[in-house]
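The values are calculated or read from the model by the stated rules, or taken from the named source; none is laboratory data. Predicted, not measured: the structure shown is a model, and the values here were computed from it. In this analysis, Cβ positions are derived from the backbone assuming ideal geometry, glycine residues included, and neighbour counts consider all displayed protein chains.
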Amino acid sequence: MQVNTTDTAAAVELSPACFERDFNESLVHQSVVAHLAGARAGTRAQKGRSEVSGGGIKPFRQKGTGRARAGTIRSPLWRGGGKVFAASTRDFSQKINRKMYRAAMTSILSELLRQERLKIVESFAVESGRTRDAVAALAALGLQSGLVVTADQDASTWRALRNIPRIDIVTAAELNPVVLVGSETVVMTTDAVKRIEEWLS
């Protein structure tokens, strides 16, 4: 498939394996959920009665005090005692096969292209690092909100785009289903397209 870029008359040859796939909604959903689940920290933790300190001695004798019998001051009934159902660290990550992940990515890219939400440019760089120059470059592309994908990380371009609302920038290596699905429009450089095709082919 040939697609004309937005800032040059030259045509870009796109790989059918990456940009002409049918949209698989269930697979895309699974990949997005797996990516979001893998980002969860799962670091909450509480102590059970066996983990809190103290409680090695019976607080008072079994009979004769008029109180309910107690064997440890670290019972969940006591102040400072352990939690009944203590939360522990948890791994929320979900396994998804590499072939399925790549199929989900190609499905999303193909759907973006069909919906004309994917724009390919020869290059995108803001050498001055100024936000006003980045806004002017995005306005020339007709982009008010979306995602910019470059082949390599450029400090000046990132600095120029980081303060613009609803605009994100990632490299081809950082691309994932969540940022693609959540972007209204995606702008890719031709070098980024080549790297993505090498990765997904």
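Being among the small types (Gly, Ala, Ser), out of contact with any strand residue (DSSP E or B) (no Cβ under 9 Å at 6 or more places or on another chain) and in a loop (DSSP other than H, G, I, E, B) is a description that does not apply to Ser183.
For Ala139, the requirement of being in a helix (DSSP H, G or I) and either surrounded by 13 or more Cβ atoms within 10 Å (Cβ to Cβ) or of a type in the set (Phe, Trp, Tyr) (or both) is not met. If you take the residues of segment 30-76 that are among the β-branched types (Val, Ile, Thr) and not in a loop (DSSP other than H, G, I, E, B), which of them is surrounded by the fewest Cβ atoms within 10 Å (Cβ to Cβ)? If we take residues in segment 30-76 being among the β-branched types (Val, Ile, Thr) and not in a loop (DSSP other than H, G, I, E, B), then Val33 is surrounded by the fewest Cβ atoms within 10 Å (Cβ to Cβ). Pairs meeting the criteria (first residue in segment 152-180 and buried (at least 18 other Cβ atoms within 10 Å of the Cβ), second residue basic (Lys, Arg) and not in a helix (DSSP H, G or I), beta carbons under 7 Å, at least 6 apart or on different chains) are Ala160/Arg130.
Test Glu127 against the stated conditions and say whether it is more than 20 Å from the chain's Cα centre (by Cα), assigned by TED's automatic domain parsing to the domain that holds Val32 and not small (Gly, Ala, Ser). Answer is yes for this residue.
Selection over segment 84-113 of residues that are assigned to a helix (DSSP H, G or I), touching a residue at least 60 places away in the same chain (Cβ under 8 Å) and not hydrophobic (A, V, I, L, M, F, W, C) gives a count of 6. Going by the conditions given, is Leu147 in the same structural domain as Pro16 (by TED's automatic domain parsing), in a loop (DSSP other than H, G, I, E, B) and among the hydrophobic types (A, V, I, L, M, F, W, C)? Answer is no for this residue.
One line per residue, one yes/no per condition, for (1) in contact with a strand residue (DSSP E or B) (Cβ under 8 Å, 6 or more places away or on another chain); (2) at pLDDT below 95:
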| site | (1), (2) |
| --- | --- |
| Glu25 | no, no |
| Leu36 | no, no |
| Thr43 | no, yes |
| Gly55 | no, yes |
| Lys99 | no, no |
| Arg102 | no, no |
| Ser107 | no, no |
| Glu122 | yes, yes |
